[in-house]
Every structure is written in C-alpha cells, then in structure tokens.
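See below for the structure under consideration.
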Amino acid sequence: MQGVVSNIALQHLACSVLLILCCVALIFLEVTQTSISRIGYWSGILVFLPAVGAVVAAFSESRSTLIVILLLDLTGLVTCIIGVIVSLVERTGNPIAIFWLEFAALLFLVYDLVLVSRSMSPRCLSRSDTAAPDEAECELETPPPPIDFIPPAAAAKLPEYSELSPRSPPPDYAAHTPLPPQETQLSLFFFFFFFFFFFFFFFFFFFEK
C-alpha cells in the first residue's frame, strides 16, 4: 500500500461514511416509528455491508476483493430500490423520511460502484507494487490537462516582453494576464451537496412528526 492515500481512496471513504450515516438513520427511524415491513432494520443492515466494503476498497487493490465489493454494492442497490418501492407503498412508520434515506443511499452506492469499476480497470490493476511513488498512481486518477491549456512555448508573450532588461521596471503583468479558469471539483460538490441534502430531509421530516 502506498504512503499517500489516493483521490479514489478518499472518495471510497467518503462514500462509506455517508452510507453508514444512512444506515444509522434508517435503523433509528425504525426504532422510533416501527413499520409493518420493518424496512429500516433490514435495509439498514444490508446497506451497512457495502459501507464496510467501501472502506476495504480504499486500501485494497486485489481483483478478487474488488469483485466481492462490487457484488456487495449491487446487493445494496437492489436493497435500496426495494426500500424505495416499499416506502412509497407502505403508510406506517415514517415513509417519507425512509424514502429519502433510501434514495440518498442509492445514489452513494451508484457512485461507489463507479469507483470500484474504475479501480478494476486493467490499466490500474497492471501496475506493479514496486513502482516508483510518482508512477504508482493509476492513470485514471491523473486528470488530463484542461481543454484550453497552452504549453509555455506556444503561449503568447506579454507586451514589452522583448524589451525587458534588468534596468527597466517590470511591466504591469496583472493588467495583461487573464485569470486562470476555475476548476470544478465534481466529487467534492457531489458529497457536500448530498450531505446537506441528506440531513435537511432527515431532520425536516423527523421533526415534522
């Protein structure tokens, strides 16, 4: 295992934390307001397994382990789909809060499923364990350069660039240098958005009762 935790490993851990929160909330709702189907109990327990698998996936590169985690994610997906359907049909307990918790867990499982699929790609698995630290990262984890990236040799020279000398004052670079494009961190946006989304609906529907 490498000394530096990769970006994909951090996303696995974030998925695991969010899934565990969903499991705890589902079981807590079932304890406070019991439903006929006991959906909070069995759904919370079955979704907890992929949450543990996401932690293992963050630190494991074995193909067999990733396949088991992939199956756990698929099991969790089926569980959440059934839970969403049951919460729409059943009227006992707290079906609205259960629905949103199942839906949030479903999205987190889909995201973790994509991460596991990327980790299982042949290009990632073909990396040697003895590779140098700067070459050990999977190519899928190294983002490509932006579309508008210009190599230094092809970049346009600033005004009065050819007239620069140690005795002349430097030109006003701030007036001629465009601002760099703002990078969009989709993964961080995803987790923060659904984190607040999860807690908003959970507390809203819980205290509404």
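The values are calculated or read from the model by the stated rules, or taken from the named source; none is laboratory data. Just so you know, these numbers come straight off a predicted model, no measurement behind them. So basically every Cβ, Gly included, is an ideal-geometry build from the backbone, and we count neighbours across all protein chains shown.
What the table below lists for this structure:
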{"read-out": "Test: residue in region 94-108 that is more than 30 Å from Thr32 (Cβ to Cβ), modelled with pLDDT of 70 or more and in a helix (DSSP H, G or I)", "value": "no"}
{"read-out": "Conditions (1) touching an Asp or Glu at 6+ places or on another chain (Cβ under 7 Å); (2) surrounded by fewer than 20 Cβ atoms within 10 Å (Cβ to Cβ); (3) under 20 Å from Leu115 (Cα atoms); number of the one not met by Tyr41", "value": "(3)"}
{"read-out": "Residue, nearest to Val47 (Cα to Cα), within region 76-114, restricted to residues that are surrounded by 18 or more Cβ atoms within 10 Å (Cβ to Cβ) and among the charged types (D, E, K, R)", "value": "Glu102"}
